[in-house]
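The values are calculated or read from the model by the stated rules, or taken from the named source; none is laboratory data. Please read these numbers as outputs of a predicted model, since none were measured by experiment. All Cβ positions, glycine included, derive from the backbone under ideal geometry; neighbour counts span all protein chains shown. The area values use the complete protein model at the heavy-atom level, side chains included, leaving out ligands, DNA and RNA. Shrake-Rupley method; radii C 1.70, N 1.55, O 1.52, S 1.80 Å.
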Amino acid sequence: MRLWRRLGALVAGLAVALTALTLWTTRPGDPALYPASGPEAVTVLLVSHGWHSGLVLPRDRLTGEGAGAALRSIATRFRAYGDLEFGWGEARFYRATPTLQAFDGRLALEALFTPGGSDGVIQVVGLERPARESFPQADIVPVRISREGLARLLARLDAGFRLGDGQPVALGPGLYGPSLFYAGEGRFSYANLCNHWSADLLNAAGLPVTPVLDTHPLGLIADLRWRAGARALERPDLSKP
């Protein structure tokens, strides 16, 4: 009986600590930026691939207000595509894990717990078809943001690329489709995952976010629904011809 009481107290203590951490790290939105309406509002897409999330942006918006040298270069390099997907991750693990079947536990642990964090990379993918058709199995959340919110999102995204001679540093082919990896700024760790990166970009656009929930894509999607009123699109019925 004493053991069960101790276990109960431990579980209760962990729950209280997690709740406190969740509330302490909650980040407010900016009502001047979000929600947005009107003809100047722009729709961006959060795309969850199950364990990893990224953002899909219209390519023709990557040279507007807020964009810098990195995004302008990428807009030119991927000029054949209407939409681009941006995703961030740990350099070695991300590039070595195109699917869950390729998961390497050692690389994952090193990515999460290397003291001081690990190098990050950004994958840019040119979409040859609309995002819903390109990723039929993904959860996709459309988010309508203001022109000013987009400018702040682009500035945050642009700052995430490492530059060499004034240009983003390309590292080679991405994991799928017409894509490239680029050297990223910032450090990857258990406290700064790909889903935190996606949430951070949306927060720059004015959305409220909750980093503890946003650790996993399902939590990020729930967070966007609860706090920002953004809902995922229905998945297509792939059983129909």
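Listed values, structure above:
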{"read-out": "Enumeration of residues in the stretch 118-136 that are charged (D, E, K, R) and in contact with a helix residue (DSSP H, G or I) (Cβ under 9 Å, 6 or more places away or on another chain)", "value": "ASP119, GLU128"}
{"read-out": "Those residues of the stretch 157-179 which are open to solvent by 30 Å² or more (accessible area, probe 1.4 Å), aliphatic (A, V, I, L, M) and closer than 15 Å to ALA70 by Cα, in sequence order", "value": "ALA159, LEU163, VAL169, ALA170, LEU171"}
{"read-out": "Qualifying residue in the stretch 180-198 (condition: of a type in the set (Gly, Ala, Ser), out of contact with any helix residue (DSSP H, G or I) (no Cβ under 8 Å at 6 or more places or on another chain), modelled with pLDDT under 95 and open to solvent by 50 Å² or more (accessible area, probe 1.4 Å))", "value": "yes"}
{"read-out": "From the options ARG129, ARG106, residue that is surrounded by fewer than 18 Cβ atoms within 10 Å (Cβ to Cβ) and at pLDDT below 75", "value": "ARG106"}
{"read-out": "Helices (runs of 4 or more DSSP H) completely within the stretch 119-212 that count 1 or more residues being in contact with a strand residue (DSSP E or B) (Cβ under 6 Å, 6 or more places away or on another chain), closer than 14 Å to SER53 by Cβ and in contact (Cβ under 8 Å) with a residue 40 or more places away in the chain", "value": "131-134, 194-204"}
{"read-out": "Residues of the stretch 1-58 satisfying the condition of being of a type in the set (Lys, Arg) and either loosely packed, with under 13 Cβ neighbours inside 10 Å or at pLDDT below 80 (or both)", "value": "ARG2, ARG5, ARG6"}
{"read-out": "Within the stretch 219-236, tally of residues that are surrounded by fewer than 16 Cβ atoms within 10 Å (Cβ to Cβ) and part of a helix (DSSP H, G or I)", "value": "3"}
{"read-out": "Complete set of residues in the stretch 60-71 that are within 17 Å of ALA159 (Cα to Cα) and without any contact (Cβ under 8 Å) to a residue 40 or more places away in the chain", "value": "THR63"}
{"read-out": "Whichever residue in the stretch 59-90 is aromatic (Phe, Trp, Tyr) and closer than 18 Å to ALA199 by Cβ and, among such residues, is modelled with the lowest pLDDT", "value": "TRP88"}
